[in-house]
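The values are calculated or read from the model by the stated rules, or taken from the named source; none is laboratory data. Because the structure is a prediction, the values reported are computed rather than measured. For neighbour counting, all protein chains shown are included, and Cβ atoms are generated from backbone atoms with ideal geometry for every residue, glycine included.
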Amino acid sequence: MLASGNITAGGNLYIQGIMYGTATNVAGGAAGSLVIQSGAGTTTMLPIGTNATVLQSNGSTATWVAPSTLTAGTSTNVAGGAAGSLHIQSGAGTTTMLPIGSTGYVLQSNGSTATWVAPSTLTAGTSTNVAGGAAGSLHIQSGAGTTTMLPVGAAGTLLQSNGTTATWVTSSTITANAVTNSLTINNSGAGSASGSTYNGSGAITISYNSIGAPSTGGTNATGTWNIVAGTAVNAQNLGGVAAASYLTSVPNASTQVSSLGVGTAASGTGGEIRATGNITAYYSSDARLKENVQPIPNALNSIDKINGVTFDWTADFLKDQGDEDGYFVRKHDVGVIAQEIQAVLPEAVAEREDGYLAVKYDRIVPLLIQAIKELKAEVETLKGNK
């Protein structure tokens, strides 16, 4: 039914079909209000919503809500967007599709838009706190898809990898690999000797002689230098005193050497001294230093039990002494037998570290003196009996 003007009915008006008309105004409705079916056979006016709100149905009625309260559903496809694309606000009242980024890329905001970037280009900020981590802890990958917090190590420890994880270890447990290139060690300071070079091909021992002789001149060269290794003839500067006169020029110096050569090379045999000139020494013998002084008893009988002999040194002994040289070492020699001396005068015999006996020849002199005195007494007795 179409009507261009007013329709008045005094009774019931029945219309079969649809009736279209234009309402100048609907009573009770403010501008912008919507006429909605509020119930069976009932309509009402829904006031217009506040700015930017949208009309949402809850299944039974409609209400104006803020867009922020909406939960988006799943769209089968958004026109113009390739698989994986993101729907973003590109401008005021404008949206666009952002294609998916390359593998491994992350979405970064520059304050006005978002772009896909490589993680390597990111600059990490400062985190106020990471849950579960104590101060100083490290965030590490503990397994596939799993991270954990590694507590900070003890003071002085280092973080070491074993190929699968990292642990804190002490520096003493770390074994360094051989260096590829050579390592040079030099002394510093004026007058210092040049150093030595090692190529890292094997184990090395760094000692006094391998680095070079110290110097008392120049930077950091302070203190008193004594002979502690090697031989005196190899030492170039000992506290400013030449090696040849060191032992006489430095009174009361504490000096220890393996072997010593005076006027000749040291033999290399531990504890041995060789000299081409006289060795002058005085032994303590003052009566004020001695007590319980007694004459050696039966000295003449003791002399009768020992022998002065000539002999040949064994090949092993000669080898240990550096072989026969006709001067310090001779195969044919003269002396006494230590075991015989030990039996009558044990004070004159000592056992060395190698187990062999050695005789203090000067200690035999008192025995000889006392034996001569006993022999003289016997002679005097014989003379008196005539």
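Take V336 and decide whether it is in contact with a strand residue (DSSP E or B) (Cβ under 7 Å, 6 or more places away or on another chain), hydrophobic (A, V, I, L, M, F, W, C) and farther than 20 Å from I273 by Cβ. Yes; evaluated as a whole, the condition is true for this residue. Take F311 and decide whether it is outside the structural domain of A275 (by TED's automatic domain parsing) and either within 25 Å of A265 (Cα to Cα) or surrounded by fewer than 10 Cβ atoms within 10 Å (Cβ to Cβ) (or both). It is false that F311 is outside the structural domain of A275 (by TED's automatic domain parsing) and either within 25 Å of A265 (Cα to Cα) or surrounded by fewer than 10 Cβ atoms within 10 Å (Cβ to Cβ) (or both).
A quick yes/no check of all residues on (1) over 30 Å from A266 (Cβ atoms); (2) surrounded by 13 or more Cβ atoms within 10 Å (Cβ to Cβ); (3) not aliphatic (A, V, I, L, M):
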site	(1), (2), (3)
L345	yes, yes, no
A348	no, yes, no
V379	yes, no, no
N385	yes, no, yes
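If you check T165, T170, T123, T157, which single one turns out to be modelled with pLDDT under 85, within 22 Å of the chain's Cα centre (by Cα) and among the polar types (S, T, N, Q)?
Step by step, each of T165, T170, T123, T157 is checked, and only T165 is modelled with pLDDT under 85, within 22 Å of the chain's Cα centre (by Cα) and among the polar types (S, T, N, Q).
So, G101, is that one modelled with pLDDT of 85 or more and either touching a strand residue (DSSP E or B) at 6+ places or on another chain (Cβ under 6 Å) or exposed (fewer than 10 other Cβ atoms within 10 Å of the Cβ) (or both) or not? Yes.
For region 357-380, taking the residues that are within 21 Å of E340 (Cα to Cα) and acidic (D, E), the one that is farthest from the chain's Cα centre (by Cα) is identified as E374.
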